[in-house]
């Protein structure tokens, strides 16, 4: 199927989707318009961690939508408080502010850090230290501190107030701290960069650094949180608690955009009525879905399932010793298979997987990402990994890469 078939003149070209037209999903499966079934090894970048059309999520969606959906935060609704209380209990933090998309949650964290730096620390122009290779969304402010030119090209002027240091390099982060530093904002595991796992002890080192210098540690767990890394939150791998964390994707149960910034009280108290808000953030429908999503993860032991199936997936991937594979990285049910560009690019592998009934995507044409729904069966996981191995094995001779460059994948994360 030629991808040009999808190029309807009324659809903006900010994506370059793989040549498959989907129409239905259930659990870990997707079906195209021709009735062919696929194993989903992507989970919509973790937004569908609970699986497609989870019956408990759909039940709450229908019931709550018929009762009350969007009343506006100008009024209270009877679903919000219990949802945010659960988020605070899970994270070990004090206060939660609901938003819609992950990028909005990150913007909220940035605003909180700046006002905290200004009003609590007395910094006239607060700065935030970020990691090179980061991906926190695509708003104008967020792309201002991206190190990827494809996110920035032509979108300036950019927002000042950010300094970058190499991901995983504790000494570099410490050297980047100045009297104007209000916070450090990083992903515990970099997803869009290719599922980059930092060295052991790095997050704990950042926690000590922030405590020593009196600055905030803010973690973006929009992708890594809610079980994806094999724990509820990736920061739990190092037994720390950040000053604030952003959550999203799986929080919407695969049916709605739901996100939140959760933080210590001293951080969240910088917000006052009118200083921040969202028409849809925290609406009754979103709160009901978010709470049920948390309960499904707990009741079905999906965090434990991510850890167990993830260990199996990583063992199998590490056993795939082929010249086309340059590296394998991951944690929990989340892996990146980096291709050697002399043999193949990642998009070619993803297109080859379509023919074998497996769907996933790549990042920057170099890394095949694997992040199936937590509800995937072990048999289906093995079938998908068989397909990955068989597909990559076809790229066994060096190719002509004279005109290829390490460019950006256009089918990027939402």
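The values are calculated or read from the model by the stated rules, or taken from the named source; none is laboratory data. Predicted model, so just to flag it, every value in this text is computed and none were measured. Methodologically, a virtual Cβ is constructed for each residue, glycine included, from the backbone with ideal geometry; neighbour enumeration extends over all protein chains shown.
So residue 184 passes all but one of these: (1) outside any strand (DSSP E or B); (2) surrounded by 14 or more Cβ atoms within 10 Å (Cβ to Cβ); (3) in contact (Cβ under 8 Å) with a residue 12 or more places away in the chain; (4) in contact with a strand residue (DSSP E or B) (Cβ under 8 Å, 6 or more places away or on another chain). Which condition number does it fail?
Among (1) outside any strand (DSSP E or B); (2) surrounded by 14 or more Cβ atoms within 10 Å (Cβ to Cβ); (3) in contact (Cβ under 8 Å) with a residue 12 or more places away in the chain; (4) in contact with a strand residue (DSSP E or B) (Cβ under 8 Å, 6 or more places away or on another chain), the lone unmet condition for residue 184 is (1).
For the stretch 188-222, name all the residues that are within 18 Å of residue 249 (Cβ to Cβ), in a loop (DSSP other than H, G, I, E, B) and touching a helix residue (DSSP H, G or I) at 6+ places or on another chain (Cβ under 8 Å).
Within the stretch 188-222, 188, 189, 191, 221, 222 meet the criteria.
Tally up the residues in the stretch 153-175 that are part of a helix (DSSP H, G or I) and either buried (at least 18 other Cβ atoms within 10 Å of the Cβ) or at pLDDT below 95 (or both), please.
2
Got a sec? Which of 129, 110 is assigned to a helix (DSSP H, G or I), at pLDDT 95 or above and in contact with a helix residue (DSSP H, G or I) (Cβ under 8 Å, 6 or more places away or on another chain)?
Going through 129, 110 in turn, just one is assigned to a helix (DSSP H, G or I), at pLDDT 95 or above and in contact with a helix residue (DSSP H, G or I) (Cβ under 8 Å, 6 or more places away or on another chain): 110.
Just to check your reading of the model, which residue among 168, 154, 137 is out of contact with any strand residue (DSSP E or B) (no Cβ under 6 Å at 6 or more places or on another chain) and without any contact (Cβ under 8 Å) to a residue 12 or more places away in the chain?
154
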